[in-house]
Amino acid sequence: MRQKIIAGNWKMNNSNTESLSLLQELLNFNFPKDIRIIISPPYTQLGLVNEKLEKSNIEVASQNMHFADNGAYTGEISSSMIKSLGVFISILGHSERRTYFNETDESLKEKVDKAINENIEIIFCVGEKLSDRNSGNHFEHIKIQLEKTVFLQPAESWKKIIIAYEPIWAIGTGETASPKQVQEMHLFIRNIISENYSKTLADSISIIYGGSVKPSNANDIFSQSDVDGGLIGGASLKSKDFAAIVNAS
Ligand code: 13P
C-alpha cells in the first residue's frame, strides 16, 4: 500500500508567534494515523517547529537545501545544518526556487545526490508552465525534469523519494488542475518510473499533487487512483483548511 501524504509548504510566511499558534491549533486536531503529515516552515523556524512537534506524528521538512557541505554560499543552508535540527526531509525543485532563484535540472541533480547521500528524504517537485500545457508539451517537459535528476539515482534511492506534481499555472492562482488532468499526469509519471526501474518500484512511490488544493476540491483530486496526497501552499496556513484537506485524503 502506498503511503498517503499531506505536506504543508508554508513558503515565506508567518512570524515565530504566528507559527506557534498555527502549530497549537494543528496539534488540537485528531489526524488519522494512516496519513503521513509533513509541515515545511521557513528555515528560521525549522528547529522551533520540530521541537514543538517532537511528540506528535507530524514531521518537518525544509523548503530547500544546498548541495555543498559548507562554505562561501551566503544565504544558503546545508544538509548537515538541517539534520542538526532533527530534520530529515527536504522539498527540492519547487517551481518558485526554479523561477526566482534560477535552480536548474543540473543544480537540482547535485542537490538530489547530496540529499540521498546524507540520508535526507526528498519531496521532489516537477511541473509545467501553462505554455507547455497549451502546446501539448507537458508530458515531455515532466519527463525531462525527472530524467535529468531523480532518474539518475539507483533504485534503492527511491525509498527516499516522494514526487510532487505541481503545475506552475495552478500554484497560488486559484486555478486547479482538473482531477482528470492530475490523474493523467500522475499515471504518466508512475509509468515512466516503471519503465526506468520496475512496476513494483513504481507502485510503491507516493506521487502527490500541489496547486490550489482547498477543502472544496481536495476530495475530488485525492480520490484519483494515482494521487497519493497533496503538497499544500496557501491552505496550509489555516489550520481548519489544512485539517479538512488531511481528512479529505
Ligand atoms: P498553493 O496551494 O498556494 O497553490 O501552493 C502550492 C504549492 O506551491 C505547494 O508547494
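Where a number appears in this text, it was derived from the coordinates with a stated rule and is not lab data. Only a predicted model underlies this, so the values are computations on that prediction, with no experimental measurement involved. With ideal geometry, Cβ positions are generated from the backbone for all residues, glycine too; neighbour counts draw on all protein chains shown.
Can you sort 100, 43 from fewest to most other Cβ atoms within 10 Å of each residue's own Cβ? List each step's numbers first, then the result.
On the way: 100 9, 43 18.
The most exposed by this proxy come first: 100, 43.
Would you please state which residues of segment 1-15 a label at residue 199 would reach in this model, taking the label point 7 Å out along Cα→Cβ and a backbone N cut-off of under 16 Å?
Those under the cut-off are 1.
Want the number for residue 134 to residue 20: 0.36 nm per residue separation, take away the alpha-carbon distance, what's left? Mind dumping the intermediate values first?
Details: separation 114, 0.36 × 114 = 41.04 nm, distance 4.18 nm.
Working it through step by step, the gained length comes to 36.9 nm.
Taking amide hydrogens as modeled 1.01 Å from N in the peptide plane, which residues meet the under 5 Å criterion relative to residue 38, leaving out close sequence neighbours?
Amide H to amide H, under 5 Å and 5 or more residues apart or across chains, residue 38 pairs with 6, 7, 8, 59.
Hey, any idea what the orientation-averaged projected area of the convex hull of segment 96-249's Cα atoms comes to, in nm²? If you can, show how the numbers build up before the last one.
Values: hull surface 35.9 nm².
If you wrap the Cα atoms of segment 96-249 in a convex hull and average its projections, you get 9.0 nm².
Gain in length, residue 219 to residue 2, computed as 0.36 nm per residue apart minus the alpha-carbon separation, to one decimal in nm? Could the numbers behind the result be given before it?
Details: separation 217, 0.36 × 217 = 78.12 nm, distance 1.75 nm.
Here the segment from residue 219 to residue 2 would lengthen by 76.4 nm.
Given R₀ = 30 Å, what would the calculated FRET efficiency be for residue 34 paired with residue 173, taking r from the Cβ atoms and rounding to 0.05? Intermediate values should be presented prior to the final figure.
Values: r = 31 Å, r/R0 = 1.04.
After rounding, the FRET efficiency stands at 0.45.
What length, rounded to one decimal in nm, is gained on full extension from residue 76 through to residue 105, with 0.36 nm per residue of separation minus their alpha-carbon distance? The partial results should precede the final answer.
Working: separation 29, 0.36 × 29 = 10.44 nm, distance 1.82 nm.
Full-extension gain reported as 8.6 nm.
FRET efficiency for residue 117 and residue 144, Cβ-Cβ distance as r, R0 = 30 Å, nearest 0.05? Mind dumping the intermediate values first?
Values: r = 24 Å, r/R0 = 0.79.
Plugging the Cβ-Cβ distance into 1/(1 + (r/R0)^6) gives 0.80.
About its Cα centre, how strong a charge dipole does segment 1-98 have in debye, to the nearest 20, once Lys and Arg get +1 and Asp and Glu get -1 at the Cβ? Working shown, then result.
Values: 10 positive and 9 negative charges, 70 e Å.
Charge dipole, segment 1-98, about its Cα centre: 340 debye, nearest 20.
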